[in-house]
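Accompanying notes for the structure given below.
The values are calculated or read from the model by the stated rules, or taken from the named source; none is laboratory data. Keep in mind that what you see is a predicted model, and the values were worked out from it rather than measured. When we count neighbours, we look across all protein chains shown, and the Cβ atoms used for this are built from the backbone with ideal geometry, even at glycine. Heads up: the accessible areas ignore ligands, DNA and RNA and are worked out on the full protein's heavy atoms, side chains in. Shrake-Rupley method; radii C 1.70, N 1.55, O 1.52, S 1.80 Å.
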Amino acid sequence: MKTDSKHLGLVTKKFNEFFLVDLINQEKCSHCKRFLCKVRKSINFKDQLIYVGDQVVIDHIDFRSKRAVIISLKKRNNLLIRPSVANISNIYIVCSVEEPKLNLSQVNKFLISAESMGVEVSLLLTKCDLITDKRRSFLLDKFRKWGYQAITLNLQNPDYLKNLVADLKQKTCSIFMGPSGVGKTTLLNKIIPGLQNDTAPVSHKIKRGKNTTRNVELFSLSNNHYIVDTPGFNIQTLEVDIRLLPTLYPEIYTQLMDEGIRCKFRNCLHLNDEGCNLNKSFERYTFYKEMIESSKNHYSQTQED
Ligand SMILES: Nc1nc2c(ncn2[C@@H]2O[C@H](COP(=O)(O)OP(=O)(O)O)[C@@H](O)[C@H]2O)c(=O)[nH]1
Ligand SMILES: [Mg+2]
Ligand SMILES: [Zn+2]
């Protein structure tokens, strides 16, 4: 039962030379539209690799054995490195309010690294069952000032998930990123019907989670809505061009764009007061300055090497 009609597909998983590809725009259950594919041998993708999240054209579809052949690769919108995923529509930075404790400098780094991808960024605060309502309101207010309408989660109370699921259904390919142990995989297991990925308790000794999520995979929430889980990792150094940093902080770019604030120098890094008109009385300004300084050091070190 082979057909030679070509179909557009989405790569949801890859292992060795095989790819799992879902047909796109098909109102079928995920089982019926998922095919095991190889790349046609005669095709030369100009040394381009195919990543999870890529759109491909498949042919020689065999509906019985659920096999097909990838014959071409579509142009991608973006490619995230570590983990390698193509065409993400938005990033959720996931951080727990306790266990592991909220680390504001780390949240800042994750947000900035996500903003540098040029896609929509949202903030999810997990484990809100471990804090009081007062503390939760305090945190919501803090992150509102950072420019983010955080979504708070409490997995003891499933009502909290509704907002998130509604949000996810507005997006095509979301990715959960954040430190390990904050509950990303637990969340995914609750959201995706039938999913039972391994989760790991936070080690009480080191108060950090174990990395249990390894391979990148797109999970289907519903037709044409996918989510990616990532292994937790900590961002040590951030490799972002310092000239771009002001465009990655909502507190700064809204002043420059919406309020039309102009500094004397066109490429002002907003570090000194002379000629700089930016209002610097916002909480993350210290982080911003530290980031510029450390990037400068990093830059001068690599210049000397
Ligand atoms: N108290 C509490 N614990 C949670 C919650 N969500 C996840 N956990 C626990 O946090 C630990 C780490 O979860 P996991 O999903 O593996 O984190 P990941 O590394 O971010 O994928 C597990 O022991 C979970 O049971 C929550 O909302 N509240
Ligand atoms: Mg995990
Ligand atoms: Zn300035």
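Below is a table of values for the structure above.
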{"item": "The chain: antiparallel DSSP beta bridges as a percent of all, rounded to 5", "result": "60"}
{"item": "Per principal axis, descending, Cα span of region 50-89 in whole Å", "result": "34, 18, 15"}
{"item": "Percent RCO, i.e. relative contact order, over region 242-304, from Cα pairs under 8 Å lying at least 6 residues apart", "result": "31"}
{"item": "Under-5 Å amide H pairs with Gly178, H placed in peptide plane, nonlocal only", "result": "Val94, Phe233"}
{"item": "Order of exposure, largest accessible area first, which applies to Arg144, Arg34 with probe 1.4 Å", "result": "Arg144, Arg34"}
{"item": "Region 1-160, relative contact order in percent, only Cα pairs under 8 angstrom and at least six apart counted", "result": "16"}
{"item": "Protection proxy ranking, peptides 106-116, 258-268, 241-251, average beta carbon neighbours within 10 Å, highest first", "result": "106-116, 241-251, 258-268"}
{"item": "Sequence-separation-based contact order of the chain, relative, with Cα cut under 8 Å and 6+ spacing, percent", "result": "14"}
{"item": "Over 31 Å (Cα to Cα) - which of Lys145/Lys296; Lys13/Lys134; Lys33/Lys171 fall in this group", "result": "Lys13/Lys134"}
{"item": "DSSP beta bridge pairing in region 80-228, given as percent antiparallel to the nearest 5", "result": "25"}
{"item": "Value at 222 nm in deg cm²/dmol, rounded to 500, when DSSP H runs of n ≥ 4 in the chain each add -39,500 (n - 2.57)", "result": "-7500 deg cm²/dmol"}
{"item": "Ordering of 14-23, 150-159 by packing [mean C-beta count within 10 Å, highest first]", "result": "14-23, 150-159"}
{"item": "From the C-alpha gyration tensor of the chain, square roots of 5λ in Å", "result": "38, 25, 18"}
{"item": "Average accessible surface area per residue within region 80-228, 1.4 Å rolling probe, Å²", "result": "47"}
{"item": "Carbon and sulfur %, accessible surface of the chain computed with the full protein complex present, 1.4 Å", "result": "48"}
{"item": "Region 242-304, Cα convex hull volume normalised per residue, Å³", "result": "86"}
